[in-house]
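Report on the structure given below.
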Amino acid sequence: MSYLSRREVEDLKPSIDKAVYKVLGSSDSSLVSTAVHCLNSGYDKRKTTDKLSSYVDSKKASRLAEKIFDLVEDYHSSHRSKKRSHDDFRDRDSKRSKSRHDNDRDSRYDSDRNKSKSSEVMESAQKQIEERKRALDGPIGKNNLNISNLNIPQPSIYGIPMGLLNRGDADKARKLAQLQAQIKSKLSSGILANAIQIPVVPNKPTPLILDDEGRTVDKTGKAVQLTHVVPTLKANIRAQKREQFRTQSSDKVDDSNETKFYDGRIGVKPPIRNKRVLRFHEPGKFLQLAERIRMKAQLEKLQNEISQIAKKTGISSATKLALIAKSEGVIEETPHMEWWDSVILVDNLDTMINGKIAIKESIINTLVEHPTQMRCPTDPIKPVYMPVFLTKKERKKLRRQNRREMWKEEQEKIRLGLEPPPEPKLRISNLMRALGTEAVQDPTKIEAHVREQMAKRQKAHEDANAARKLTTEQKRDKKIKKIKEDTSLGVNVSIYRIRDLHELASKKFKVETNAKQLFMTGCVVLYPDCCVVVVEGGPKQQKKYKRLMMSRVKWEEDIVKDPDGNEVPNKCILVWEGTSKQRNFGEVKFKICPTERLAREHFKKHKVEHYWDLAYSGAVLEQANDAVL
């Protein structure tokens, strides 16, 4: 690397600072000063990299050194080009001044000699220009302009010999020569010649010629049809454009291939929006609507009056109960003969002997047949014994006896040599008494040994507790086992009727969540004026759920509407509780039934439609009693 002066290094210092910022992402004055020092000392690239490596890692140092030496090379190349251009410019100026001096000296000698010749040439050129102007300004109609007669000088350098004019006269001569060349090119191309032969027609409108009949004719007498401009309105123009657009769009639709696969079920918007027109109603339409509304209102009023009278007399409740009994299939015809009577009959009830029904007397005797005793399905298979509970004193005595038996077994094993004798249980309090002279000889060592033994006993105790501790899954299973009950021998069922449960979100949440937490099954049917809740589970589960429905939930706080529209307090009634052989429902879910038929079908699907009949009949009787009161 060539040696740099201090001034050149100072010029490069801002560029070095920028290079450091680009490589490191931040400016570092110590790194810049080290780089400047390397340049002042004339270090090469390898040595500069070693110097920079003490500040940054080797990779960044090599990159920074390359950038610094690239800046130095650029600086040298720019200064070389400037110096060369300066020298060339200085040589060019010296040559130009020398040639200018020689020309001035020559021009002074030749100026007097050429002055007379230049004046003569200028006068002859001016005469030629004046002649050409007169020739161009003359009458065009006559062919008196002959291109061959024009005296055009032969091409030369401005038409003047070199060296006869000074600088100002040379510029004038150059302009004259350019003018002559332009005139010659126009004449040779024939533009002026054609222009001379074309007669000049004045810019005037053609005269209107009419014949005897008033028609417009030309010079030859031929009739000419003039263009007629018909004025029209903007509305007519828009209508015409709209009609053209419609025809074009219809043609495009007809020509397209998409119409072959057109699906009529898909609505296609028309290309142009149809104009809305006025639609008038037929006379008397709204009068008919008003009359219909009045008739409907009168009919509703009459129905309400009839229902009020029926409630007072009890007819409505009787009809509802009759419908329930009919749907349930309670009303059936009584058979003439039961199946167990057919055994002793000779033929049937119509067979008579001496005015009495004929029976088989040989079958009847004085013995009584007792049916075979069958096990009740709810009875347990294995006998259940009553658990015995010990008193606190008895439990202590039993524990003491068990521990003594275990201690005796350990002592026997130690005597027989099956187990090593246990170490003495040392503590800080009995240290001197248990060890005696050993504790006096090295008390520090003995204390450390005692503390280690104490820590071992503590750890063994904690490990035993941790081994007995239940895991999270075991805790959950224990809790579920405690809540769940064995329902294999029978399921307890409870039916609750609530006046209204449709919009009581908090109450619905409690009803559903508590049933799920107690692992109970059932359903909740939401019907107007009769919401039925059926839950299935064990006796303990039923006891907790009954306390929820009858005591914990305050149903009276909510005001609901009865069928007549009167506001009454809500309430919950226990309709029935008993046992069933098996569960009939799954997880507790809500079912909205707008009609009585749908509600009964829901219960019938689970083969317990009598649950609904029992709850709904109670609701009907309650409404009848309220109406009477």
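Could you tell me whether any residue of the range 400-408 is under 30 Å from Ser580 (Cα atoms), open to solvent by 100 Å² or more (accessible area, probe 1.4 Å), free of Cβ contacts under 8 Å to residues at least 12 places away in the same chain and out of contact with any Lys or Arg (no Cβ under 9 Å at 6 or more places or on another chain)? If you could, list the steps in order and put the result at the bottom.
Taking the range 400-408 and keeping what is under 30 Å from Ser580 (Cα atoms), we get none.
Looking for residues that are under 30 Å from Ser580 (Cα atoms), open to solvent by 100 Å² or more (accessible area, probe 1.4 Å), free of Cβ contacts under 8 Å to residues at least 12 places away in the same chain and out of contact with any Lys or Arg (no Cβ under 9 Å at 6 or more places or on another chain), one finds none in the range 400-408, hence no.
Exactly one condition in (1) at pLDDT below 85; (2) open to solvent by 100 Å² or more (accessible area, probe 1.4 Å) is false for Ile359; which is it?
Checking Ile359 against (1) at pLDDT below 85; (2) open to solvent by 100 Å² or more (accessible area, probe 1.4 Å), the one that fails is (2).
Is it the case, given these coordinates, that Gln197 is polar (S, T, N, Q) and at pLDDT below 70? Show your work before the answer.
On the way: polar (S, T, N, Q): yes; at pLDDT below 70: yes.
The answer is yes for Gln197.
Yes or no, residue by residue, for (1) in contact with a Cys (Cβ under 7 Å, 6 or more places away or on another chain); (2) more than 13 Å from Pro528 (Cα to Cα):
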| residue | (1), (2) |
| --- | --- |
| Pro569 | no, yes |
| Lys591 | yes, no |
| Leu598 | no, no |
| Lys604 | no, yes |
| His610 | no, yes |
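Looking at (1) part of a helix (DSSP H, G or I); (2) of a type outside the set (Phe, Trp, Tyr); (3) out of contact with any Asp or Glu (no Cβ under 6 Å at 6 or more places or on another chain), can you tell me which one Lys413 breaks?
The one condition Lys413 does not meet is (3).
Scan the range 509-517 and tell me whether some residue there is within 22 Å of Ala619 (Cα to Cα), within 46 Å of the chain's Cα centre (by Cα) and in contact (Cβ under 8 Å) with a residue 24 or more places away in the chain.
Initial filter on the range 509-517 (within 22 Å of Ala619 (Cα to Cα)): 511.
Now restrict to residues that are within 46 Å of the chain's Cα centre (by Cα): 511.
With in contact (Cβ under 8 Å) with a residue 24 or more places away in the chain added as a condition, the list becomes 511.
Within the range 509-517, one or more residues are within 22 Å of Ala619 (Cα to Cα), within 46 Å of the chain's Cα centre (by Cα) and in contact (Cβ under 8 Å) with a residue 24 or more places away in the chain.
Can you name the residue in the range 551-573 that is open to solvent by 100 Å² or more (accessible area, probe 1.4 Å) and part of a strand (DSSP E or B) and, of all such residues, is farthest from Arg497 (Cα to Cα)?
Taking the range 551-573 as the starting set, the residues that turn out to be open to solvent by 100 Å² or more (accessible area, probe 1.4 Å) are 552, 554, 556-557, 559, 561, 567.
From the residues that got through so far, the ones that are part of a strand (DSSP E or B) too are 559, 561, 567.
Numbers: Ile559: 16, Lys561: 16, Glu567: 18 Å.
That would be Glu567.
In the range 474-509, which residues are surrounded by fewer than 11 Cβ atoms within 10 Å (Cβ to Cβ) and within 30 Å of Cys376 (Cα to Cα)?
Ile480, Lys481, Lys482, Asp486, Ser488
Residue pairs, Cβ under 6 Å, 6 or more apart or interchain, first in the range 413-442 and under 16 Å from Gln453 (Cα atoms), second assigned to a loop (DSSP other than H, G, I, E, B) and of a type in the set (A, V, I, L, M). List them.
If the second residue must be assigned to a loop (DSSP other than H, G, I, E, B) and of a type in the set (A, V, I, L, M), the pairs left are Ala434/Leu426.
Against the condition touching a residue at least 40 places away in the same chain (Cβ under 8 Å), farther than 28 Å from Ser307 by Cβ and open to solvent by 50 Å² or more (accessible area, probe 1.4 Å), how does Phe590 come out, does it pass? Can you show your working first?
On the way: touching a residue at least 40 places away in the same chain (Cβ under 8 Å): yes; farther than 28 Å from Ser307 by Cβ: yes; open to solvent by 50 Å² or more (accessible area, probe 1.4 Å): yes.
Yes: the conditions hold for Phe590.
Only one residue in Thr232, Thr227 is modelled with pLDDT of 65 or more, among the polar types (S, T, N, Q) and open to solvent by less than 90 Å² (accessible area, probe 1.4 Å). Which one? Reasoning before the result, please.
On the way: Thr227 fails: open to solvent by less than 90 Å² (accessible area, probe 1.4 Å).
Testing whether each residue is modelled with pLDDT of 65 or more, among the polar types (S, T, N, Q) and open to solvent by less than 90 Å² (accessible area, probe 1.4 Å) leaves just Thr232.
Cβ contacts < 6 Å: first residue more than 22 Å from Arg7 (Cβ to Cβ) and without any contact (Cβ under 8 Å) to a residue 12 or more places away in the chain, restricted to the range 40-63; second residue surrounded by 17 or more Cβ atoms within 10 Å (Cβ to Cβ) and not hydrophobic (A, V, I, L, M, F, W, C), any location; separation 6+ or different chain. Result?
none
Can you tell me which residue among Glu577, Glu557 is within 44 Å of the chain's Cα centre (by Cα) and of a type outside the set (A, V, I, L, M, F, W, C)?
Working: Glu577 fails: within 44 Å of the chain's Cα centre (by Cα).
From the options Glu577, Glu557, the qualifying one is Glu557.
The values are calculated or read from the model by the stated rules, or taken from the named source; none is laboratory data. Keep in mind it's a predicted model, so treat the numbers as computed, not measured. Counting neighbours? That spans all protein chains shown, and the Cβs are built from the backbone with ideal geometry, glycine included. Remember, those area values only see protein heavy atoms, side chains included, never the ligands or the DNA or RNA. Shrake-Rupley method; radii C 1.70, N 1.55, O 1.52, S 1.80 Å.
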